[in-house]
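Shown next, in structure tokens, is the structure this report addresses.
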Amino acid sequence: MEQAAIKPTGRFAPSPSGRMHMGNLWSCLLSWLSARSAGGRMVLRLEDLDPDRCRKEYCDQVMRDLEWLGLDWDGEPVWQSKRTEAYAQAFHVLEEQGLVYPCYCTRAERLAASAPHRSDGLSVYDGRCSRLTAAEREELEKTRRPAWRASVPEETITFCDLLYGNYSEDLKKDCGDFIVRRSDGVYAYQLAVVVDDAMMGVTQVVRGSDLLSSTPRQLWLQDALDLPHPDYGHLPLLLSPEGRRLAKRDRDQELGELQRRYTAPELVGQLACAARLMDRPEPITPQELLPHFSWDKLPKEDLVWSLN
Ligand code: GLU
């Protein structure tokens, strides 16, 4: 019997630590196109986990910027800063299975305890705090508040990315035990993201390829927490002319600045052309782009970005 195609639920998950820049718009536009072109839903989550970096006014601005661009979402936005209880519950489920342990290393010790840096700049923790005796833990507890790490198994996780195809990672070797709760009590992105994607019914995650190597960790956490796996599609990154990934410090690529120079359809047209959905960077609305979207057209290589 033929199965009816299941309509996806995609999501925007911006971190409101500043104004959106071209790189954010790129992933927001393409995740919206991917979900909406398949007749799916789109939900919005503000990833304001880090109280030191995120501000309420940036959250409001993110929503106005998405609307300005012509990108809409369904239902009420979710704020991660209000979801601590759900993360605590998930953390407890991991704790009950013996999958987390306290790590007392300071930042300097963490760096010393890490294998040489991986290509993405992250390092692999050697697991030294998992080997502490109860007496040693008790001693350290007197002077420091621990972070908590997930204890990963020797297991290779493979998934099929919507753009890049099969991607595998050996969790122990390539990633190592990773932090799920910081020493100040803030739950880490990796834990929060799987809890929220499941709670919001997200079935399709589209985001920059800088997060490709986070996906095996998230798949593993989903199994440990008995949550479903969404599909994942990672996007090539937009690079500055010097070959760096576009970041908030590239002020001229920030939306506030861009809005002074371009209309929303002009910007969307430029992004659509970079994504190879159009031959020329002509003004177009996200809605008009829907019939042009296909994963097959997207480039896999990172793109040096300059506006015409
Ligand atoms: N909040 C992250 C960002 O703005 C995205 C996280 C995700 O898509 O999983 O880069």
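The values are calculated or read from the model by the stated rules, or taken from the named source; none is laboratory data. Predicted model, so just to flag it, every value in this text is computed and none were measured. Cβ placement follows ideal geometry from the backbone for every residue including glycine, while neighbour counts extend to all protein chains displayed. Heavy atoms of the whole protein, side chains included, go into the accessibility calculation; ligands, DNA and RNA do not. Shrake-Rupley method; radii C 1.70, N 1.55, O 1.52, S 1.80 Å.
Within the range 166-174, can one find any residue that is under 15 Å from Y125 (Cα atoms) and either within 12 Å of the ligand (Cβ to nearest atom) or of a type in the set (A, V, I, L, M) (or both)? Within the range 166-174, one or more residues are under 15 Å from Y125 (Cα atoms) and either within 12 Å of the ligand (Cβ to nearest atom) or of a type in the set (A, V, I, L, M) (or both). Inspect the range 272-279 for any residue being out of contact with any Asp or Glu (no Cβ under 9 Å at 6 or more places or on another chain) and not in a loop (DSSP other than H, G, I, E, B) and give the result as yes or no. Yes, that holds for at least one residue. With respect to the stated conditions, P281 is more than 30 Å from P216 (Cβ to Cβ) and open to solvent by 40 Å² or more (accessible area, probe 1.4 Å).
For first residues located in the range 183-198 and closer than 15 Å to R53 by Cβ and open to solvent by 20 Å² or more (accessible area, probe 1.4 Å), partners that are more than 9 Å from the ligand (Cβ to nearest atom) and of a type in the set (D, E) and lie 6+ apart or on another chain with Cβ distances below 7 Å form the pairs V186/D50. G269 meets the conditions (1) touching a residue at least 60 places away in the same chain (Cβ under 8 Å); (2) surrounded by 13 or more Cβ atoms within 10 Å (Cβ to Cβ); (3) not in a loop (DSSP other than H, G, I, E, B) in every case but one. The failed one is (1). Considering Q222, Q253, the condition of being in contact with a His (Cβ under 6 Å, 6 or more places away or on another chain) and either modelled with pLDDT of 95 or more or of a type in the set (G, A, S) (or both) is satisfied by Q222 alone.
Given the options P216, P228, name the one that is free of Cβ contacts under 8 Å to residues at least 60 places away in the same chain, crowded, with 20+ Cβ neighbours inside 10 Å and within 25 Å of R149 (Cα to Cα).
Criteria check complete, one pass: P216.
Taken together, the residues in the range 40-60 that are more than 16 Å from the chain's Cα centre (by Cα), in a strand (DSSP E or B) and either buried (at least 22 other Cβ atoms within 10 Å of the Cβ) or within 12 Å of the ligand (Cβ to nearest atom) (or both) amount to 0.
Of all residues in the range 160-181, those being open to solvent by 20 Å² or more (accessible area, probe 1.4 Å) and touching a residue at least 12 places away in the same chain (Cβ under 8 Å) number 10.
Given the options V195, V206, name the one that is among the aliphatic types (A, V, I, L, M) and either assigned to a helix (DSSP H, G or I) or more than 9 Å from the ligand (Cβ to nearest atom) (or both). After applying the criteria, what remains is V195. When the range 19-39 is filtered for residues that are open to solvent by 10 Å² or more (accessible area, probe 1.4 Å), more than 9 Å from the ligand (Cβ to nearest atom) and either at pLDDT below 95 or in contact with a Lys or Arg (Cβ under 7 Å, 6 or more places away or on another chain) (or both), the ones remaining, listed by number, are R19, H21, A38, G39.
In the range 61-101, which residue that is in a helix (DSSP H, G or I) and among the aromatic types (F, W, Y) is surrounded by the fewest Cβ atoms within 10 Å (Cβ to Cβ)? Within the range 61-101, the match that is surrounded by the fewest Cβ atoms within 10 Å (Cβ to Cβ) is W68.
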